[in-house]
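Here the structure comes first, spelled out in structure tokens, and everything after it is commentary.
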Amino acid sequence: MMTITSVDLIEQIQEVKRQRNAVILAHSYQRPEVQDVADFVGDSLGLSRLAASTPADVIVFAGVYFMAETAAILNPNKTVLIPDPDAGCSLSDTISAKDVQLWRDENPDGQVVAYVNTSAEVKALSDVCVTSANAVEVVAQLDTSRPIFFLPDMFLGAHVERQTGIKMHIWMGECHVHAGIGTKEIEETLIAHPNAEFMIHPECSCGSSCLYLKPDAKMLSTEGMVRYAQGSQRNEFVIATEVGIVHRLNAMAPGKKFLPVKEDAICEYMKMITLEKVYDSLVEDRYVVKVDPEIAKKAKKAIDAMIKVG
Ligand code: 13P
Ligand code: SF4
């Protein structure tokens, strides 16, 4: 049950937000109360698009750093705030700009496809960004006579290869949360719920074995899961991703049952954002996300190319 204090805090957040003409964007792995106070909740692609088109003067990004950084790159003239700048991403941390430059030096005619879960410096060395919602579509449009470097998620990369039939050089990075969702617990949950549909995020490590277990599994981005659940005739869904999505699914597809395969699949970076930090962020203008203008200019080209697809 919500305490008086949090009700007050929510009202105060709404008030400061109005005064500052601010918008709060939240990823669907955020804490339930942060999702509820946000103006928009969504996946990386949807939130990037909203960041690109919002008329607000201030964007508070309730998500992880690369997401706020993407919003800042798209809005060089707006104030973009992240309530906690330490909200990082283990996947993004697996690759540096130096790693990308090395591949570029060895493959001068190559094309670099960067998952949006990367730093601005990595994006600046990339031709196009993708999210889990449009990676297959973006890669399918590339010139296959030139080498393709897909980074940094190896499981999303393998999914894209399976879907497109295009061979790529894939960086062996992974997200600790999704890599930790094992085939055994998925199998157990599916056996216990034989009539449920199965929705899995492509960052999960069990990609091909999951498809073997359940060939009609749906590999979807977080917002793809919301749309799929809304449109499906079924009422029960087994979910393989970070558990924050369950709050979003319950809100958007009420009356349906969502069963996470791993209750402790929790991204501690996403959970670093609290209501208190959102309030402080709005009141004290913290923490402003700044990107070097030269890096931002190059990264924006790859992000703009991503936003157009899917
Ligand atoms: P989505 O783009 O599907 O929301 O995924 C973002 C993410 O960080 C998954 O771990
Ligand atoms: Fe990064 Fe994984 Fe957290 Fe997504 S769930 S933000 S990929 S650490």
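What the table shows:
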{"item": "More than 17 Å apart - percent of Cα-Cα pairs taken over the range 199-250", "result": "30"}
{"item": "Count of Lys pairs (Cα-Cα under 23 Å; at least 8 positions apart or interchain) in the range 267-310", "result": "8"}
{"item": "Calculated diffusion of the range 221-310, Stokes-Einstein form, Kirkwood radius summed over Cα pairs, 25 °C and 0.890 mPa s, µm²/s", "result": "150"}
{"item": "Volume in Å³ per residue [convex hull over Cα atoms, computed for the range 24-80]", "result": "64"}
{"item": "Rg/Rg_ref, the range 149-231, where Rg_ref = 2.2 N^0.38 Å and atoms are Cα", "result": "1.11"}
{"item": "Shape call, the range 249-293: gyration tensor on alpha carbons, a/c limit 1.5", "result": "prolate"}
{"item": "Residue-averaged 222 nm ellipticity for the chain, from DSSP H runs of 4+ at -39500 (n - 2.57), nearest 500", "result": "-13000 deg cm²/dmol"}
{"item": "Rg/Rh for the range 78-144, where both radii come from Cα atoms and Rh is the Kirkwood radius", "result": "1.02"}
{"item": "Packing rank of 125-131, 83-89, where each peptide gets the mean count of other beta carbons within 10 Å, highest leading", "result": "125-131, 83-89"}
{"item": "DSSP bridge orientation in the chain - percent antiparallel, rounded to nearest 5", "result": "5"}
{"item": "If the convex hull is drawn through the Cα atoms of the range 43-169, its volume per residue in Å³", "result": "106"}
{"item": "Loop-located trypsin sites (Lys or Arg not before Pro) in the range 178-239 whose Cβ has at most 15 other Cβ within 10 Å (DSSP)", "result": "234"}
{"item": "Three semi-axes of the equivalent ellipsoid, the chain, Cα gyration tensor, whole Å, largest first", "result": "30, 28, 15"}
{"item": "Chain lengthening between residue 11 and residue 140 when straightened (0.36 nm per residue, less Cα-Cα)", "result": "41.8 nm"}
{"item": "Alpha-carbon centroids, the range 62-129 and the range 198-219: separation in whole Å", "result": "27"}
{"item": "Cα convex hull of the range 1-112 - mean projected area over all directions, nm²", "result": "8.8"}
{"item": "Using a Förster distance of 25 Å, the FRET efficiency for residue 285-residue 53 (Cβ separation, nearest 0.05)", "result": "0.65"}
{"item": "Residues of the range 137-156 with amide N under 17 Å of a point placed 7 Å along Cα→Cβ from residue 169", "result": "143-154"}
{"item": "Projected label distance in nm at residue 191 and residue 294, using a 7 Å step from Cα toward the beta-carbon", "result": "5.9"}
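Throughout, read-outs are computed from the coordinates displayed, never taken from laboratory work. All values derive from a computational prediction rather than experimental measurement. Every residue, glycine as well, gets a Cβ built from its backbone with ideal geometry; the counts of neighbours run over all protein chains shown.
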